[in-house]
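One structure is given below, encoded as structure tokens.
FYI, it's all coordinate maths here, none of it is from the lab. Source: prediction; values computed, not measured. All Cβ positions, even for glycine, are placed from backbone atoms using ideal geometry, and neighbour counts span all protein chains on display.
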Ligand code: OGA
Ligand code: MN
């Protein structure tokens, strides 16, 4: 089905209303402002926007990503491309000279929520993808919020949650899947507070904004209460009805809105190469 709605570029809806594919676009062309505006509107309507069959150099991927806002790197510098400090490289072969890594995180998360101003969006390009597996799952946190019962909505209204990278990073470091850091380096990841339900600055819609990866607790709740609520929200948000599974094809570009989605990597046969490049677009402080 092809819909246009108020969107100026045609999109094809994918098998969950969260996601759509933009067809007939070549991201190696210099896109005019109107096309970018159309893409931006489509992105706001479909928080997971897919463009297939692209072959982007690091420069091209960054210049395309930059059309949507200022770009940023990552606090784990080992994962950045040595020649392009804004390009995050997720490559199990360490392609381009970055530290090898199997994927971007096999746990539900939204990118970098452990900072005060997390990125609004991430633009991931499948440079080399394995023949099967290594899918990425995306959860629609807006529809998940809407589907909460009224009691839970009022329970979480006004609550804040603590986010930190430290616990997650240490666990991954100890499992040998992230570079080893000293105590001093680990201490850079201080706790930050974000609302449990945030308002999307463009659409005005509310979305659940806690995640398995980086949310350590609900501020002001007992350990048990906090754990129960976080588990319940994660379980609720990741029901099949809210989830889109992206099966990567080489050349895919998937853009997601971190303010209203979570995502999670899945396993694949590590004897195959999986190399992905990510451009990360700065965002605002959640409210
Ligand atoms: C990311 C990420 C998931 C994957 O790029 O932020 O989490 O499947 N990627 O590698
Ligand atoms: Mn991620």
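Details
- Among 208, 112, 156, residue whose mean-square fluctuation peaks in a GNM of the chain (springs only between Cα atoms under 10 Å): 156
- Of all the options 136, 167, 113, the one that moves most in a Gaussian network model of the chain with Cα springs shorter than 10 angstrom is 167.
- Distance cut-off 19 Å, percentage of C-alpha pairs in the stretch 63-118 lying past it: 35 percent
- Distance in nm between pseudo-label sites at residue 205 and residue 154 (7 Å out along the Cβ direction from Cα): 2.5 nm
- Springs between Cα atoms under 10 Å define the GNM used for the chain, and in it the highest mean-square fluctuation of 263, 125, 74 occurs at 74.
- Relative contact order (%) - the stretch 140-237, alpha-carbon pairs under 8 angstrom, separation at least six: 37 percent
- Column: log10 I(q)/I(0), Debye, Cα scatterers of the stretch 140-237, q = 0.25 Å⁻¹: -1.28
- Viscosity 1.306 mPa s, 10 °C: Kirkwood-radius Stokes-Einstein D of the chain over Cα pairs, µm²/s: 82 µm²/s
- When only alpha carbons of the stretch 1-76 are considered, Rg and Dmax amount to 13.0, 41 Å.
- Efficiency of FRET between residue 190 and residue 30 - r from beta-carbon atoms, R0 51 angstrom, step 0.05: 0.80
- The helix-based estimate of mean residue ellipticity at 222 nm for the chain, built from -39,500 (n - 2.57) per DSSP H run of four or more residues and divided by its residue count, is -6000 deg cm²/dmol to the nearest 500.
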